[in-house]
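The values are calculated or read from the model by the stated rules, or taken from the named source; none is laboratory data. All values derive from a computational prediction rather than experimental measurement. For neighbour counting, all protein chains shown are included, and Cβ atoms are generated from backbone atoms with ideal geometry for every residue, glycine included. Ligands, DNA and RNA are excluded from the accessible area calculation, which covers all protein heavy atoms including side chains. Shrake-Rupley method; radii C 1.70, N 1.55, O 1.52, S 1.80 Å.
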Amino acid sequence: MEFAKVNVEVRSQVGKGGAHKVRAAGKVPGVLYGRKLEPVAVAFEEKALLASLDKEKRRNTVFTLNVAGAGQTESVTAMVRDAQIDPISQRIIHVDFLRVDLDAEVTVTVPLVLTGKAIGTTSGGQLHQSMHVIAIAAKPAAIPTKIEADVTALDMGDALHVSDLKLGAGVRALLDPRDAIASVVAPKAEKVEEAAAAPVEGAVPAEGAAAAGAAPAAGGDKAAAAPAAGAKPAAGAKKEGGGEKKGK
């Protein structure tokens with residue numbers, strides 16, 4: 001299989017001082033390691049590396065590095081394991097290349113893209129994506145540019161899990177199959193209203209409080225206002241409400 005080619009040269013000057021000299025010469029320092037071989041300090045042209053990157057795979061691009069040193073050139077299949085970017089200029093300042101075996105798995109992360117429109121969103125639910133990238137293991141040539149997950153069938157309260165992903169041949173997820181990747185949840189506004197309407201533990205509702213306060217007084221009224229047998233109600237009996245207020 002043909003891969004993008006990048007020319008790199010072995011550098012003898014290592015450490016911070018050596019890296020500074022490489023950058024001063026307009027190149028980028030890097031290290032090539034992996035497959036139980038001794039790390040090799042290298043230097044390369046930044047534009048050559050950027051031009052060889054797959055626009056979709058980006059760091060998961062597989063390269064053929066033409067490593068020149070000691071009067072000979074060696075072709076090495078490698079990937080970018082790590083890259084340091086200057087926060088101001090956004091230029092590459094160092095790269096770690098990893099030697100790979102086309103017949104052995106490598107561990108990488110790829111974008112997770114949701115497709116479709118969840119049924120639950122039509123009834124007010126909100127689609128929540130728990131993961132935006134996913135760690136996988138695959139042989140270099142089988143690494144996908146992205147993994148898609150169809151959320152169309154998700155109703156309110158439903159979720160998609162890692163086990164629901166349709167991975168290509170030779171690709172396996174490095175996560176718990178039970179981990180959720182997306183779900184449809186109730187709108188936050190509804191949750192806030194429900195929380196506001198819920199009674200606070202230990203608090204007595206206003207109407208209940210009034211009724212509770214009136215209960216003892218009502219019993220007192222009956223005892224005080226009960227006329228003797230055969231007696232006519234007193235003229236001031238209608239003012240029992242006033243007596244209740246004084247009792248309070």
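Brief remarks on what is shown
- Alpha carbon convex hull of region 80-181, volume per residue in cubic angstrom: 128
- Assigned charges on the beta-carbon of Lys, Arg, Asp, Glu; region 24-90 dipole about Cα centre (debye): 180
- With a 1.4 Å probe rolled over the protein heavy atoms of all chains, the accessible area of Leu98, Leu174, Leu49 falls in the order Leu174, Leu98, Leu49, largest first.
- Across region 2-17, rounded Karplus estimates of 3J(HN,Hα) from the backbone phi angles (6.51 cos²θ - 1.76 cosθ + 1.60, θ = phi - 60°) give 8, 10, 4, 9, 10, 8, 10, 10, 6, 10, 8, 7, 10, x, 4, x Hz, Gly and Pro being marked x.
- Of the GluC sites (Glu not before Pro) found in region 33-83, those that fall in a DSSP loop while having at most 13 other beta-carbon atoms within 10 Å are Glu56.
- Region 34-185, accessible surface, carbon-and-sulfur percent (1.4 angstrom probe): 51
- Under 5 Å between amide hydrogens, built in the peptide plane, is the criterion, and for Asp150 it picks out Thr115 among residues at least 5 positions away or on other chains.
- Coupling constants for region 103-111 follow from the phi torsions by the Karplus curve (6.51 cos²θ - 1.76 cosθ + 1.60, θ = phi - 60°), and in residue order they are 9, 10, 6, 10, 9, 9, 10, 10, x Hz; glycine and proline get x.
- Cα-based Lys pair tally, region 20-166, threshold under 21 Å, eight or more apart or on separate chains: 14
- Qualifying trypsin sites (Lys or Arg not before Pro) in region 58-114, where qualification requires a DSSP coil assignment and no more than 15 other C-beta atoms within 10 Å, comprise Arg91.
- What the phi angles of region 48-56 give under the Karplus curve with 6.51, -1.76 and 1.60, with θ = phi - 60°, is a coupling list of 5, 5, 4, 5, 8, 5, 5, 5, 9 Hz, glycine and proline written as x.
- Distances between placed amide hydrogens fall under 5 Å for Phe97 paired with Val31, Leu32, Tyr33, Arg81, all partners being 5 or more residues away or on another chain.
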